[in-house]
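Q: One structure, pasted below without further comment.
The values are calculated or read from the model by the stated rules, or taken from the named source; none is laboratory data. Everything quoted here is computed from the prediction, not taken from an experiment. Cβ placement follows ideal geometry from the backbone for every residue including glycine, while neighbour counts extend to all protein chains displayed.
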Amino acid sequence: MRWGGTLLASITVAASNLVAAHADAPAFEKIVRREGRDEAYFARFMQEDHFPMTTFRLFDHEKADVVAYLLALQRQGAFQP
């Protein structure tokens with residue numbers, strides 16, 4: 001993962017959390033901990049639109065960076081219950 005990917009992921013997650021906070025959506029900490037949340041799931045998720053959540057148009061390598069960032073956080077135990 002490139003440094004820019006970490007920044008991009010941080011901005012994307014922060015922006016999505018702002019939207020989610022107002023839409024009563026679950027926090028990313030809870031979503032990432034759910035069973036089945038692996039690389040394939042996140043990659044598939046990044047390819048789909050999720051209305052009414054804000055849609056970010058990302059290049060494929062940027063989507064891969066976001067997925068890598070989420071997986072790195074899982075490995076670090078950042079989202080432990």
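Q: Counting only residues that are of a type in the set (Lys, Arg) and over 21 Å from Lys30 (Cβ atoms), how many does the range 40-79 have? Working first, answer last.
A: Quick first cut of the range 40-79, residues of a type in the set (Lys, Arg) only: 44, 57, 63, 75.
Filter again for over 21 Å from Lys30 (Cβ atoms), leaving 57, 63.
Selection size over the range 40-79: 2.
Q: What residue, among those in the range 34-45 that are under 12 Å from the mean Cα position of the chain (by Cα) and closer than 17 Å to Gln74 by Cα, is surrounded by the fewest Cβ atoms within 10 Å (Cβ to Cβ)? If you could, list the steps in order and put the result at the bottom.
A: Of the residues in the range 34-45, the ones under 12 Å from the mean Cα position of the chain (by Cα) are 37-39, 41-45.
Then drop every residue that is not closer than 17 Å to Gln74 by Cα, which leaves 37-39, 41-43, 45.
Numbers: Arg37: 16, Asp38: 11, Glu39: 13, Tyr41: 14, Phe42: 21, Ala43: 14, Phe45: 15.
Out of the qualifying residues, it is Asp38.
Q: Residues being modelled with pLDDT of 85 or more and surrounded by fewer than 14 Cβ atoms within 10 Å (Cβ to Cβ): count how many of those fall in the range 50-81.
A: Adding up the residues that qualify gives 3.
Q: For the range 3-20, check the following and say yes or no: at least one residue is at pLDDT 85 or above and either surrounded by 10 or more Cβ atoms within 10 Å (Cβ to Cβ) or not hydroxyl-bearing (Ser, Thr, Tyr) (or both).
A: At the first step, the residues of the range 3-20 found to be at pLDDT 85 or above are none.
So far as the range 3-20 goes, no, none of its residues is at pLDDT 85 or above and either surrounded by 10 or more Cβ atoms within 10 Å (Cβ to Cβ) or not hydroxyl-bearing (Ser, Thr, Tyr) (or both).
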